[in-house]
Amino acid sequence: MSKHTKHPSGAALEKHLKDDTFISEVYQDIPCPEPSPHLNQAIITAAGKHNRTSLWWRQPSSWAATIVIFSLVGMLTYHTLEQEKDTASSMEPVYSPSPVTAVLSDNKSDNLSDKSSKQPVSQAKVEADTKPYVISVQEKTQHLSQPAPEPQAAEFRARSAFKAMHKNDTRQLNFARQPLASEESFAGETATEQTAPAFSPALSAEQLLKQIQLLIQSKDFKQAAVLLQQLQENYPQHPVDPIILKQLAPWQRTTKP
Amino acid sequence: MTESITEKTDEQLIKDYAGGSHFAFEALYKRYKNPTYHYCFRQVSTPALADELHQDVWLKVIKSAAQFKQQSSFKTWLYKIAHNTLMDYYRKSEKRKHLMIIQTNTREHHDNSGEAYSQEQQQPDNKLQNKQLQKLLLNGIEELPREQKEVFLLHEISGLSLHDIALVTQSSFESTKSRLRYAGKKLHRHLARHLGVEL
């Protein structure tokens, strides 16, 4: 800022008045008014006061905010974990080692020990051998935990276990993991093990026929023939597919008493 | 410490002040106390009112320092606060009273300048002194419409660009430009009229 510049006068002033910068130059030469020292001091004091005040409340409030946030996060985590626990416990299947299955397990092991060459089988080997069957049985029986007629479900489970056992000579099944095995199913199981599967007479002709078809698909012709015989005895009027009859004719002859 | 503070930018200083540094505020105030006071003084033309407005402006800066978001420069932000403070003042104060003050001041300035000019005219060398020319200019500024006066003062005092002045006054760039042009023309005419010069 150029202080006290000599400005032109007369003709030169006229020339300068047309110049845009002339006004600006004149204005810049005007001494600036300044605030009083008293006012300056008041403003600076106010600034310091405000800063101290703001710092006083800012720190505890930030602490409080941090504490609140942490407690909220903790509560939320705890609540979520509790909910997850509840959900997991409600979803977990209930395996009740009923006395029936215990007996079945004992019997099975006895029978197997009789039939095999009385060689001791290690626990690891048993588990390794039976693992795929246990999984398949679990998969097959999983849907039966849904509301379904109890006799049918039990029968299906027992039947599945029997089929798995029949396929493999080792016959190592984890019957303790078989849920909801009932007395009737055990009876049927043991009976079919020796001769042929005994099914509930409450089964309809359609159901029997379906099971026969399933057995044929799994190439279990012997049992299929037994079931077919039952079907023909219980429902003599029910039509049977001639293809099934043709397929099971040789087996029927052998199974006939 | 003092050296580092003086080297810091306005934006860094206001940030430091928001963070608790009192020295930062002092440095900032030292930089801008005169321009802001000048701006307020030229707008209201009475020292008492200028003091009040200047204090209001800086108290607002103190209170809202933490809210400065660095979207614009500190200077623009400061003059925006000053502009808003003045607008509030104009709104609050009785229009009539304000006009009376302006008219009185203008009349006084007119009388003084006229007297000075006539005295000057009587001098044998017929030369205008700088002081009298400045007085005439100040009279001319007083007579300017408020918007034009504000734009002119911001342009001369703050050193803000036209774009920033438009931001401060919350008007468009074009209207800011035309206000400044009209203000310059009017001041030229005012000086010419009082100096007896034909443009």
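Could you check region B:33-68 and list, in sequence order, the residues that are among the hydroxyl-bearing types (Ser, Thr, Tyr) and either at the interface with another protein chain (Cβ under 8 Å from one of its Cβ atoms) or over 12 Å from the mean Cα position of the chain (by Cα) (or both)?
The answer is B:37, B:46, B:64.
Return the residues of region B:145-181 that are closer than 16 Å to residue B:43 by Cβ and touching an Asp or Glu at 6+ places or on another chain (Cβ under 9 Å); say none if nothing qualifies.
Of everything in region B:145-181, those that are closer than 16 Å to residue B:43 by Cβ and touching an Asp or Glu at 6+ places or on another chain (Cβ under 9 Å) turn out to be B:149, B:154, B:158, B:165, B:168, B:169, B:179.
Looking only at helices (runs of 4 or more DSSP H) that fall completely inside region A:185-257, which ones have 3 or more residues that are modelled with pLDDT under 75?
On the way: elements: A:205-217, A:221-234, A:242-255.
Because the criterion is at least 3 residues that are modelled with pLDDT under 75, the helices (runs of 4 or more DSSP H) in region A:185-257 that meet it are A:242-255.
Taking helices (runs of 4 or more DSSP H) that do not extend beyond region B:134-199, which have at least 1 residues that are farther than 17 Å from residue B:83 by Cα, more than 9 Å from chain A (Cβ to nearest Cβ) and more than 14 Å from the chain's Cα centre (by Cα)?
Filter on region B:134-199 gives B:173-195.
The values are calculated or read from the model by the stated rules, or taken from the named source; none is laboratory data. Since we're looking at a predicted model, the values are computed, not measured. When we count neighbours, we look across all protein chains shown, and the Cβ atoms used for this are built from the backbone with ideal geometry, even at glycine.
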